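What follows is a short report on a single structure.
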Amino acid sequence: MTTLSKLLKSTTFRLLLIFAVLFAGAATLVIVYISWNSNRVLEGRLKQTILAETLGLAEQYRSGGVTRLAKIINRRIITPSNALYLVTDNDGGWIAGNVKALTRDLWNTQGRVEFAYQRNGARGHEMRHAVARIYRLARGYRLMVGRDVEDQRQFTQIIRNAVLTGLAFMVLVGLGGGWLVSRDLLRRIDGVTQTSRVIMAGDLSGRVPVDGSGDEFDRLAINLNAMLERIEQLMSGLREVSDNIAHDLKTPLSRMRNRVETALRDKSRMDCQDVLEKTIEESDDLIRTFNALLSIARLEAGSNRSNFARNDLQELVGDVAELYEPLAEQNNMRLVMSSGPTAQINVDRQLLGQAIANLIENALKYGGLEQGEATPERGRGMISIEAGLLPVEKSGDQPKTFYIAISDEGLGIAEKDVESAMKRFGRLEKSRSKPGTGLGLSLVSAVAKLHGGTLRLEDNQPGLVAKLIIPFDMHQDTPSAG
């Protein structure tokens, strides 16, 4: 399809063309209406003027006859004007007036007439149009009283030409404007079309171009790009999960099969019982892994918001920390809770509690000091839990973000490994010796995103600070002192 045919078939061009035609029609009607009313008013005034002059001249004729009538007319034509007079005898001979003669047909007419006559002007003799009334007087005399309407006729012609010229101009402007506007719109729509083709071809990195004008197309493009970004993330996550399942879950399944096959071959009762117990244990681990994957998938879909309710976050963090205090003591570690300002906001208590629990479990698992560095006073290290409101950037502003920070004194995570650690099945080399699936931080990150927040992993020097950021709306939730 050529560019011209695409332009002519575009909705924008058609709408602009229809608008131009409607506007031209409306403008024409207005001009014609004004012209018609102007001519009607001028015609009415012309009739009244001729009638008034005729009545005056008739009075003069009754009082002094043709002689007085001719004297009055000759006096009036001294001053140049558009008034026309003529008095003739029975044979059509000129007696007085500024019109020399009329045709025989006009002269035999009585009442209103329109005719062309010759008048001396700046460019010599010129033909002009006039409107007059002809009266028959006593003894065959004729009286004509009229007005030159050439200027009025030219005015009407000018209006007619203006209408035609205006129509042509508006049609040209409409076509030109339609072409310019449609070309820009087609260019931007073609950008969306091209992006959709790229994406349908399998390249999810395609994005709709944004020209920076900030108009509705830019806003639409920005929203579409955000949607495409989200789709790409979900598809990448799906591919990553599939790949991780194929690699990370293949090994335990193969190990289970080999163990069972060995037990069947040996047929020893004690060996079979041991194999079954280990198989059940590994099956439970696999079930937990799949449950975690399903939970992450539901959270990233963003549809699980039915359990959102107003909760005191400081109280929620304290309840979870209290549950893990005995476990910390068993691991010869200290769990310290720091309270601060709190907030009543809408969250999913169970999911957020699970996220906090995952962070505390990670700190207990990986955040202890090495055995050689442990002391009787401090044990294997301290886990610090802090919850409160982030400081505002400007004085006088109200806090709008709640945070939960869990710090440990372990080996921590290098900055280059932070992104890998939060991926599904992301396990760093130094944590391979510890039991786990590598889904804990992924689940916490998914919970944070469901609540509109983020998970940050920062250096504690030594150790790690896992900070869960939860924003809230100040128009609905007011912070209070804890």
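Beta carbons closer than 9 Å, at least 6 apart along the sequence or on distinct chains, pair a first residue in segment 446-467 that is surrounded by fewer than 16 Cβ atoms within 10 Å (Cβ to Cβ) with a second that is among the hydrophobic types (A, V, I, L, M, F, W, C) and part of a loop (DSSP other than H, G, I, E, B) for G452/F472; D459/I413; D459/A414; P462/L369; P462/L411.
Do we have any residue at all in segment 39-50 that's at pLDDT 85 or above, over 60 Å from the mean Cα position of the chain (by Cα) and polar (S, T, N, Q)? Yes, segment 39-50 contains at least one residue that is at pLDDT 85 or above, over 60 Å from the mean Cα position of the chain (by Cα) and polar (S, T, N, Q). Any residue in segment 389-408 that is at pLDDT 70 or above, more than 18 Å from P471 (Cα to Cα) and in contact with a strand residue (DSSP E or B) (Cβ under 7 Å, 6 or more places away or on another chain)? Yes - at least one qualifying residue is present in segment 389-408.
I'd like the full set of residues that are free of Cβ contacts under 8 Å to residues at least 12 places away in the same chain and not β-branched (V, I, T), limited to segment 148-159. Show your work before the answer.
Restricting attention to segment 148-159, the residues satisfying the condition of being free of Cβ contacts under 8 Å to residues at least 12 places away in the same chain are 154, 157-158.
Of everything in segment 148-159, those that are free of Cβ contacts under 8 Å to residues at least 12 places away in the same chain and not β-branched (V, I, T) turn out to be Q154, Q157.
From the list V145, V163, the one residue that fits, being β-branched (V, I, T), touching a residue at least 40 places away in the same chain (Cβ under 8 Å) and in contact with a Phe, Trp or Tyr (Cβ under 8 Å, 6 or more places away or on another chain), is V145.
To keep it simple, each residue is scored yes or no on (1) more than 30 Å from R239 (Cβ to Cβ); (2) of a type in the set (G, A, S).
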{"site": "L175", "(1), (2)": "yes, no"}
{"site": "V181", "(1), (2)": "yes, no"}
{"site": "S196", "(1), (2)": "no, yes"}
{"site": "E216", "(1), (2)": "yes, no"}
{"site": "L220", "(1), (2)": "no, no"}
{"site": "L228", "(1), (2)": "no, no"}
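Does I72 satisfy the condition of being touching a helix residue (DSSP H, G or I) at 6+ places or on another chain (Cβ under 7 Å), more than 20 Å from E150 (Cα to Cα), of a type in the set (A, V, I, L, M) and in a strand (DSSP E or B)? Can you show your working first?
Numbers: touching a helix residue (DSSP H, G or I) at 6+ places or on another chain (Cβ under 7 Å): yes; more than 20 Å from E150 (Cα to Cα): yes; of a type in the set (A, V, I, L, M): yes; in a strand (DSSP E or B): no.
Considered against the rule, which asks whether it is touching a helix residue (DSSP H, G or I) at 6+ places or on another chain (Cβ under 7 Å), more than 20 Å from E150 (Cα to Cα), of a type in the set (A, V, I, L, M) and in a strand (DSSP E or B), I72 comes out as no.
May I ask you to say which residue of R239, R269 is exposed (fewer than 12 other Cβ atoms within 10 Å of the Cβ), modelled with pLDDT under 80, under 30 Å from L450 (Cα atoms) and not assigned by TED's automatic domain parsing to the domain that holds L15?
Result: R239 is the single residue among R239, R269 that is exposed (fewer than 12 other Cβ atoms within 10 Å of the Cβ), modelled with pLDDT under 80, under 30 Å from L450 (Cα atoms) and not assigned by TED's automatic domain parsing to the domain that holds L15.
For segment 106-124, the candidate set comprises residues that are at pLDDT below 80 and charged (D, E, K, R); within that set, the residue that is surrounded by the most Cβ atoms within 10 Å (Cβ to Cβ) is R119.
Within segment 131-144, can one find any residue that is farther than 25 Å from G65 by Cβ, at pLDDT 80 or above and not in a loop (DSSP other than H, G, I, E, B)?
First, the residues of segment 131-144 that are farther than 25 Å from G65 by Cβ: 131.
Then keep just the ones that are at pLDDT 80 or above; that gives 131.
Within this subset, residues satisfying the condition of being not in a loop (DSSP other than H, G, I, E, B) are 131.
Yes, segment 131-144 contains at least one residue that is farther than 25 Å from G65 by Cβ, at pLDDT 80 or above and not in a loop (DSSP other than H, G, I, E, B).
Please work out if E114 is assigned to a helix (DSSP H, G or I), out of contact with any Ser or Thr (no Cβ under 7 Å at 6 or more places or on another chain) and in the same structural domain as R153 (by TED's automatic domain parsing).
Working: assigned to a helix (DSSP H, G or I): no; out of contact with any Ser or Thr (no Cβ under 7 Å at 6 or more places or on another chain): yes; in the same structural domain as R153 (by TED's automatic domain parsing): yes.
Criteria not met by E114.
Conditions tested, residue by residue: (1) in contact (Cβ under 8 Å) with a residue 12 or more places away in the chain; (2) on the phi > 0 side of the Ramachandran plot; (3) part of a helix (DSSP H, G or I); (4) surrounded by 15 or more Cβ atoms within 10 Å (Cβ to Cβ).
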site: A24; (1), (2), (3), (4): yes, no, yes, yes
site: V30; (1), (2), (3), (4): no, no, yes, no
site: G44; (1), (2), (3), (4): no, no, yes, no
site: Q48; (1), (2), (3), (4): no, no, yes, no
site: G64; (1), (2), (3), (4): no, no, yes, no
site: I78; (1), (2), (3), (4): no, no, no, no
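Filter segment 171-195 down to the residues that are within 19 Å of the chain's Cα centre (by Cα) and modelled with pLDDT of 80 or more and list them by number.
G191, V192, T193, T195
If the condition is being of a type in the set (V, I, T) and either assigned to a helix (DSSP H, G or I) or at pLDDT 85 or above (or both), then segment 1-22 contributes T3, T11, T12, I18, V21.
Apart from one condition, M170 fits all of (1) in contact (Cβ under 8 Å) with a residue 60 or more places away in the chain; (2) outside the structural domain of G97 (by TED's automatic domain parsing); (3) outside any helix (DSSP H, G or I); the exception is (3).
Of the residues making up segment 55-69, those that are closer than 18 Å to R133 by Cβ and of a type in the set (G, A, S) number 2.
The values are calculated or read from the model by the stated rules, or taken from the named source; none is laboratory data. Please read these numbers as outputs of a predicted model, since none were measured by experiment. Every residue, glycine as well, gets a Cβ built from its backbone with ideal geometry; the counts of neighbours run over all protein chains shown.
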